[in-house]
Amino acid sequence: MLSQISPIEQKVEQKVEQKTQVPTELPKAPQATKPASALYPLPVRSAAARILDRAANPELIQIRHVQAEDTDKLHSLLTSPDIVYWTSKMPCVVAEEMREQLSNPPAGHYTLVATYNQSFAGSLGFSTCLQPRMRHMGHISTVAVHPNFRGYGVGTALVKAAIALADQWFNLHRLDLLVYTDNEPAIALYKKFGFIAEGVLKDYAFRAGAYADVQVMARFA
């Protein structure tokens, strides 16, 4: 099953200031402005979010498997306009349908979620191939980071956790993904973890009134 890729943090690595106090209240997701060419606009960072960036602390990030109580927050994240823009899914998935998918996932599929200071911050889909001659393969899909937590290292932590599953638990030889060719921050992050470009799928998805290309990337253990 092919993946759907969402934008991840603009900063791949960020220095953490020492003895920084993390604000207890997080800002609301910034209002997005609609570019002329985009059906689903990208987020615009608020001044409050930029202030929080200076307090980002990777030690506050936790990665775990999705729980039933995450459904509403995950649904809100994956159907938000700035996330949908970077996937090939439709934005009109109802919460009950997603709850059913999480309760009864396909065999070999896992959903990881990230929290930052105990607040829901992002998610990642991970799947293994069940066909006997392809059990050495895994796939990353739908890497999504909440706009309030971009630049905090959340995307990095999610991808790192997926690689740990592939290498240390499933003994996978190949781990691959798809990413839109214009999603440069995501491509930079994947290259950081050793993913290499294998080719471009032309006109893979219809997005914002036009066909868009995706790049196939893979990592080998």
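The values are calculated or read from the model by the stated rules, or taken from the named source; none is laboratory data. Fair warning: this is a prediction, and the values are worked out from it, not measured in the lab. Here Cβ is always computed from backbone atoms with ideal geometry, including for glycine, and neighbour counts include all displayed protein chains. These accessible areas exclude ligands, DNA and RNA; they are computed on the full protein's heavy atoms, side chains included. Shrake-Rupley method; radii C 1.70, N 1.55, O 1.52, S 1.80 Å.
The order of F126, F120 by accessible area, most exposed first and with a 1.4 Å probe, is F120, F126. Accessible surface of M134, taken over heavy atoms with a 1.4 Å probe and every protein chain present, rounds to 70 Å². Counted by Cβ distance under 13 Å from F220, the other residues give a net charge of -1, where Lys and Arg count +1 and Asp and Glu count -1. Length gained on full extension, N171 to C92: 24.8 nm, using 0.36 nm per residue less the C-alpha separation.
Classification of the stretch 108-205 by its C-alpha gyration tensor yields an oblate form. The axis ratio a/c (a ≥ b ≥ c) is 1.5 or more, and b/c is at least a/b.
The H on the amide N of G122, modeled in the peptide plane, is under 5 Å from the matching H of A114, H146, each at least 5 residues off or on a different chain. Using the average count of surrounding beta-carbon atoms within 10 Å as a protection proxy, the listed peptides 62-72, 169-179 rank, highest first, as 169-179, 62-72. The distance between label points at L102 and D203 comes to 3.7 nm (points 7 Å beyond Cα on the Cα→Cβ vector). Using θ = phi - 60° in the Karplus curve 6.51 cos²θ - 1.76 cosθ + 1.60, the 3J(HN,Hα) couplings for the stretch 162-174 round to 5, 5, 4, 4, 5, 7, 9, 10, 9, 6, 7, 8, 10 Hz; x is entered for Gly and Pro. For the stretch 55-168, the gyration tensor built on C-alpha atoms gives an oblate shape. Its axis ratio a/c (a ≥ b ≥ c) is at least 1.5, and a/b is not larger than b/c.
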